[in-house]
Amino acid sequence: FLHRIVNHLQDLKEKLEGLSGVSEIIMEALSCNERLSQDDVHEIMSGLLRIQYVYDLNPKTIADGVISGINTGTKLHTVHCYQLGIWASRNNFHILSIEWLEVALMKSSQDRTMDGNLIQAALQLSIEKHDNFFNNRWEFDPHFYNRKLLPRQRFNNLSDTLQSQRMLLGREVSKYPKSQFGFSIRFWEMCSKGSLKIADGKKDENPMKCFYETKVNLYWTISPLKMELLSRDPQIYQIYDILTDGKIQILENLVKHSFQRSTVKDAKRSGINAKKIVSTRTSVGAKFDEREVPGLEILPEVIQLATGLSVTAKTAGEDLQVAAYAFGGHYDVHIDYFDPSPKNVRGGRVATFMFYLLEPEFGGYTVFTEANAVAKPVKGSAVVWHNVLSDGSPDLRTYHGACPVVLGEKWVANKWIRINDQFKVRKCSRDRNRGYVFPYEKH
């Protein structure tokens, strides 16, 4: 649909502009693509490919409109599969390119909407490209098969016969944590399977536990916090029903018309504009000071009461940041810690408090790859964790990522709490490598 808007409606509009008697309503309708571009088409294709390799999905099933057993009602035609194969090849996703071109070839023999020879030639080029790069690939690169493909053997589909590195690594992911793709493979496996306890062959030493919390503050005595322990060390908690539907609606109405593409810090630049757009973070976002918004000014106090941290002071935290993830939207594995400038009076990010505003139908989980913890995006809940150890250094066990959204949308609101205002409420430990703990009941 997006491809048609970008490529075909503009041609029709140009043809009609010189004709008399064409209504303004029709011309206005044909102008709906003014803010869309070929980049938007590429973004959608990249999102679909991302969903395919993260969740390890079969392209034939996707082309039939079924994703993880859910019938989307949208099927892909031969030309769509061909375009996905070409786009995957341009981005050096060799296995995905071959798989989609094979699907396109199969469909072309059925609907006769494309020249099969054209698809066959593109498939042959993709195979040759795979083999040309094979010897120079990174170790355990998941975008290659486990051997070269030429000369071709007597079988119809390469993807049905050969194993990909992704399949091999998926079975033994715990053996390659330090490889070039170790973080990515672990992230993908946790997104698709939810946990690596079985894959790692380890005993579950940190069982999830649900409980009511009142100890952190007397405020919660009458209406306790609904808590779930996701990880014991480092401590990661999910708090349910912490945000009402009314406040969520205020947030949505406030930011839905001010979203901009999310960015990350550019290490090569300095200053307030040291940001860049990257493919590892595909969401849109908006920032604002919640203290100045009627109905939301209480949020810092709610977070303070729920965590025992100092949050209400202006210097104690950053402005609330809302991020929205649509189809294929994700954020690769990262850590919220950053090394602040000596001139920064607030210090670094001691903790993250992340609200879930909208939950998708499928996908969009938050996974902590080193802590082996998974948070399901439940509307009105929040996930909280510390980003630093007691000496202020980063807690590398809090690496986490946002799994791609498959169906629906996911909205989150992040409140990053700074460290310099916490000295009265967070005591330093004698053990410099010890993580901070929340003042909750021990479980």
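The values are calculated or read from the model by the stated rules, or taken from the named source; none is laboratory data. This is a predicted model, so every value here is computed, not measured. Note that we place each Cβ from the backbone using ideal geometry, even for glycine, and neighbour counts take in every protein chain shown. Surface areas here come from the heavy atoms of the whole protein model, side chains and all, with no ligands, DNA or RNA. Shrake-Rupley method; radii C 1.70, N 1.55, O 1.52, S 1.80 Å.
At 0.36 nm per residue, minus the direct Cα-Cα distance, what do residue 146 and residue 90 gain on full extension? Give it in nm, one decimal, please. Show your work: numbers first, answer last.
Values: separation 56, 0.36 × 56 = 20.16 nm, distance 2.07 nm.
Here the segment from residue 146 to residue 90 would lengthen by 18.1 nm.
When Rg and Dmax are taken over the Cα atoms of the stretch 218-337, they come to 16.5, 51 Å.
Restriction of the trypsin sites (Lys or Arg not before Pro) in the stretch 407-440 to DSSP coil positions whose beta-carbon has at most 11 other beta-carbons within 10 angstrom yields 424, 427, 430, 432.
In percent, rounded to a whole number, the relative contact order of the stretch 282-325 is 55, using alpha-carbon pairs under 8 Å and six or more apart. Ranking 186, 261 by solvent-accessible area of protein heavy atoms (1.4 Å probe, all protein chains present), from largest to smallest, gives 261, 186. For the stretch 276-321, applying the loop criterion from DSSP together with a ceiling of 14 other beta carbons within 10 Å to the trypsin sites (Lys or Arg not before Pro) yields no site.
Could you order 400, 42 so the one with the most accessible surface comes first? Probe is 1.4 Å.
I get 42, 400, largest accessible area first.
Each Cα pair of the stretch 330-443 feeds into the Kirkwood radius, which the Stokes-Einstein equation turns, at 25 °C and 0.890 mPa s, into a diffusion coefficient of 161 µm²/s. Building the convex hull from the alpha-carbon atoms of the stretch 273-392 and averaging its projection over directions returns 9.0 nm².
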